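The values are calculated or read from the model by the stated rules, or taken from the named source; none is laboratory data. Not measured: the values here are computed from a predicted model. As a convention, Cβ positions derive from the backbone with ideal geometry for all residues, glycine included, and neighbour counts pool all protein chains shown. The accessibility values were calculated without ligands, DNA or RNA, using every heavy atom of the protein model including side chains. Shrake-Rupley method; radii C 1.70, N 1.55, O 1.52, S 1.80 Å.
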Amino acid sequence: QASRFESAEKISLSRRYPVKAAMGYFGEEMTISKHVEPGCPYRADDIMAPEQAVSTGTTIMAVEFDGGVILGADSRTSTGDYVANRASRKVSKVHDRIFVCRSGSAADTQALTGFVQNYLGQHAVELGTLPTVNTAANLFKIFAYNNKDNLMAGLIVAGWDAKLGGQVYSIPLGGARIRVPCACGGSGSRYISGLIDDKFRPGMSKDECLGFVRNAIAHAMALDGSSGGVIRTVVVTEKGVEESMLEGNKLPYGP
């Protein structure tokens with residue numbers, strides 16, 4: 001008796017392309033294919049073997065200093081071994097004094113950031129004042145934890161508010177929320193964890209902290225194939241926000 005898989009295989013389709021051999025219900029070898037509508041403009045190999053998802057294989061950082069926080073990131077976005085964007089922005093604005101560094105799946109982290117921007121904006125209107133960094137981190141944590149089985153998102157939320165001043169919250173895969181004075185994430189972070197432990201100290205000035213962040217990210221970019229491009233930094237204090245960019249030929253450290 002033929003299995004239902006064999007019967008399905010005998011159905012005539014207008015265009016079929018084999019993908020891989022697999023074992024059927026009774027142990028027989030079968031070929032799995034996808035049906036493609038007639039006139040489909042895409043090549044067979046595009047449909048049967050799609051590219052990997054866009055990923056921000058990355059180096060991201062956020063550090064508290066005396067008076068605020070500094071967020072930094074490289075700018076390379078990749079799909080597998082291919083650099084999809086050499087000058088992307090991985091530090092996204094959530095509210096006036098709150099920013100998030102994104103690593104993992106670009107689609108997942110952009111969607112999460114959009115949701116939090118929406119809810120935090122409504123919250124700010126209801127409050128009639130600026131929201132706290134803690135509230136923003138909690139919103140990211142809720143979305144990340146409740147969808148932890150479906151997301152690949154490592155986040156660092158940082159900013160300044162009148163209640164607690166400069167704050168950094170790490171939200172790794174799984175949706176935990178941890179306040180730390182210095183956080184680093186992404187594929188490049190494994191190369192510089194020792195450097196950060198050695199060079200970081202609490203209460204740095206703004207210039208010292210900016211140099212520390214740029215030097216750490218430059219080291220990661222030199223060692224990690226998924227990190228590269230330029231270094232983007234954001235300084236958040238009571239006075240406002242300062243964004244800057246350091247070109248790839250002006251890095252403090254290079255191979």
Inside region 155-173, can you point out the residues that are open to solvent by 20 Å² or more (accessible area, probe 1.4 Å) and either touching a His at 6+ places or on another chain (Cβ under 8 Å) or closer than 19 Å to Ser187 by Cα (or both)? Ser170, Pro172, Leu173
Is it the case, given these coordinates, that Phe140 is of a type in the set (Phe, Trp, Tyr) and either within 30 Å of Met204 (Cβ to Cβ) or free of Cβ contacts under 8 Å to residues at least 12 places away in the same chain (or both)? yes
Kindly indicate whether any position in region 181-199 is under 22 Å from Gly80 (Cα atoms), open to solvent by less than 70 Å² (accessible area, probe 1.4 Å), more than 18 Å from the chain's Cα centre (by Cα) and not hydrophobic (A, V, I, L, M, F, W, C). no
Picked from region 200-238 (must be in contact (Cβ under 8 Å) with a residue 40 or more places away in the chain and in contact with a Pro (Cβ under 8 Å, 6 or more places away or on another chain)), the residue surrounded by the fewest Cβ atoms within 10 Å (Cβ to Cβ) is Pro202
Counting only residues that are buried (at least 16 other Cβ atoms within 10 Å of the Cβ) and either in a strand (DSSP E or B) or of a type in the set (Lys, Arg) (or both), region 242-253 contains a total of 1
Matching residues, region 131-154, being more than 19 Å from Val91 (Cα to Cα) and either buried (at least 18 other Cβ atoms within 10 Å of the Cβ) or acidic (Asp, Glu) (or both): Asp149
Any residue in region 98-124 that is touching a residue at least 60 places away in the same chain (Cβ under 8 Å) and outside any helix (DSSP H, G or I) sitting within a Cβ distance under 6 Å of a residue that is surrounded by fewer than 21 Cβ atoms within 10 Å (Cβ to Cβ) and not charged (D, E, K, R)? List the pairs, counting only those 6 or more apart or interchain. Gly104/Met152
